[in-house]
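This report concerns only the one structure given below.
The values are calculated or read from the model by the stated rules, or taken from the named source; none is laboratory data. Quick caveat, the model's predicted, so the values are computed rather than measured. FYI the Cβ positions are ideal-geometry reconstructions off the backbone, even for glycines, and counts take in every protein chain you see. Accessible surface is based on the protein model in full, side chains and every heavy atom, while ligands, DNA and RNA are left aside. Shrake-Rupley method; radii C 1.70, N 1.55, O 1.52, S 1.80 Å.
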Amino acid sequence: MDIDYAPSVKEALAAGKPVVALESTIISHGFPYPKNTELAAEMERVIREQGAEPATIALIKGRIKCGLTSDELEHLATADDVLKCSVRDLPVALAQGRTGATTVASTSYIAERAGVRVFATGGIGGVHRAEEGADGFDVSADLLELSRSRVIVVAAGAKSILDLPATLEVLESYSVPVVGYGTDMFPAFHSISSGLPVPATAGDLSELSAMVKAHFDLDLPSGMLVCNPIPEKDAMSNGEIEVLVEKARTEAVSKGIKGAGMTPYILGALNRLSDGRTSEVNLALALNNAKLAAELAATLSL
Ligand code: PSU
Ligand code: MN
């Protein structure tokens, strides 16, 4: 696989220094402009602050990039013709020379092959609630890819817009380890807890690192999902977010939104309905994940 590395990422990998992968769909389709440019820059800054190297992954004019220039980040944040590329979209986008943003699934796929083992994002895709899916059935490829790319994904759980019990069931069926960081509960993205238990908890960084090392030692074919709840000071209450989610869901259903457009539509609607509050919350949790991912990557480089 032909990957264009940013020089700083190439050097860090060659020297065995910690590197953290970042996705680009969150920039192109997850945040409004100009909040998305702030997000892209801040994610990289937080990772560097911890002594790790950020490697944002995307397709630029038919080339796979691992580490982007600030011009490339700006382009992803502002252009309106950036494809949302999950794994199945990669061959077509590459062959057509397109520019595409990578999801959790395709970022994990590329990160593993690029030699990057830790990846920070906001939230993962999951099983959509039946009534809003295409023909009542919409399961994100993020879940399948977690089962077959050896990358540790640090996320604040998944949005309460999804069917969270079903999402956890699928992760169990796919043999994906799910670990709560400092929590027994599966976090619900904007809020600290979904009320659903996680199968395992890491109390601190050294416990988490031991689990991750054991995961790689076992040579399991999967990744691991590290669930890092949003800091309490930044969180929304379940009640607060549920009201917004209900409105966003109703809107999406009435507009007939389906498939790959669903997650971006919901994120946009939540931002609009909350006057930008959900994007502030999303930024806070994503930065919190970037910090933990960088700390974790450092423990693997020792
Ligand atoms: N969830 C969020 N923000 C996001 C996404 C999910 O809260 O930006 C993005 C991620 O890139 C994720 C993708 O991988 O949406 C999932 O899309 P789908 O449900 O179409 O698989
Ligand atoms: Mn889908």
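Given the criterion over 14 Å from Met262 (Cα atoms), away from ligand 2 (no atom under 13 Å from the Cβ) and either over 17 Å from the mean Cα position of the chain (by Cα) or touching a residue at least 60 places away in the same chain (Cβ under 8 Å) (or both), identify the matching residue among Val104, Val153, Val176.
On the way: Val104 fails: away from ligand 2 (no atom under 13 Å from the Cβ); Val176 fails: either over 17 Å from the mean Cα position of the chain (by Cα) or touching a residue at least 60 places away in the same chain (Cβ under 8 Å) (or both).
Going through Val104, Val153, Val176 in turn, just one is over 14 Å from Met262 (Cα atoms), away from ligand 2 (no atom under 13 Å from the Cβ) and either over 17 Å from the mean Cα position of the chain (by Cα) or touching a residue at least 60 places away in the same chain (Cβ under 8 Å) (or both): Val153.
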Tabulated pairs, the range 260-272, first more than 14 Å from Lys84 (Cα to Cα), second at pLDDT below 90 and more than 8 Å from ligand 1 (Cβ to nearest atom), C-beta under 8 angstrom, 6+ apart or interchain: Ile266/Ile161; Ile266/Arg249
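Based on this model, can you work out whether Asp138 counts as within 12 Å of ligand 2 (Cβ to nearest atom) and crowded, with 24+ Cβ neighbours inside 10 Å?
Numbers: within 12 Å of ligand 2 (Cβ to nearest atom): yes; crowded, with 24+ Cβ neighbours inside 10 Å: no.
No, not satisfied.
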Enumeration of residues in the range 148-165 that are open to solvent by 30 Å² or more (accessible area, probe 1.4 Å) and either out of contact with any helix residue (DSSP H, G or I) (no Cβ under 7 Å at 6 or more places or on another chain) or of a type outside the set (D, E, K, R) (or both): Arg148, Asp163, Pro165
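Is it the case that Asp184 is surrounded by fewer than 18 Cβ atoms within 10 Å (Cβ to Cβ), under 18 Å from Glu295 (Cβ atoms) and of a type in the set (Asp, Glu)?
Details: surrounded by fewer than 18 Cβ atoms within 10 Å (Cβ to Cβ): yes; under 18 Å from Glu295 (Cβ atoms): no; of a type in the set (Asp, Glu): yes.
No; evaluated as a whole, the condition is false for this residue.
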Options Asp89, Asp135; residue that is modelled with pLDDT under 95 and out of contact with any Phe, Trp or Tyr (no Cβ under 9 Å at 6 or more places or on another chain): Asp135
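Yes/no per residue for (1) under 16 Å from the mean Cα position of the chain (by Cα); (2) surrounded by fewer than 22 Cβ atoms within 10 Å (Cβ to Cβ); (3) at pLDDT 95 or above:
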| site | (1), (2), (3) |
| --- | --- |
| Glu246 | no, yes, no |
| Thr250 | no, yes, no |
| Thr263 | yes, no, no |
| Gly268 | no, yes, yes |
| Ala286 | yes, no, yes |
| Glu295 | no, yes, yes |
| Ser301 | no, yes, no |
Residue that is surrounded by the most Cβ atoms within 10 Å (Cβ to Cβ) [pool: residues in the range 29-84 that are free of Cβ contacts under 8 Å to residues at least 60 places away in the same chain and part of a loop (DSSP other than H, G, I, E, B)]: Val82
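Only one of these is under 19 Å from Glu23 (Cβ atoms) and more than 10 Å from ligand 1 (Cβ to nearest atom): Val153, Val176. Name it.
On the way: Val153 fails: more than 10 Å from ligand 1 (Cβ to nearest atom).
Just one listed residue meets the conditions, Val176.
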Selection status of Val198, without any contact (Cβ under 8 Å) to a residue 40 or more places away in the chain and open to solvent by less than 60 Å² (accessible area, probe 1.4 Å): yes
Residue within the range 221-242 that is aliphatic (A, V, I, L, M) and open to solvent by 30 Å² or more (accessible area, probe 1.4 Å) present: no
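Given Ser254, Ser222, Ser237, which one is under 27 Å from Phe119 (Cβ atoms) and away from ligand 1 (no atom under 15 Å from the Cβ)? Working first, answer last.
Working: Ser254 fails: under 27 Å from Phe119 (Cβ atoms); Ser237 fails: under 27 Å from Phe119 (Cβ atoms).
Only one candidate qualifies: Ser222.
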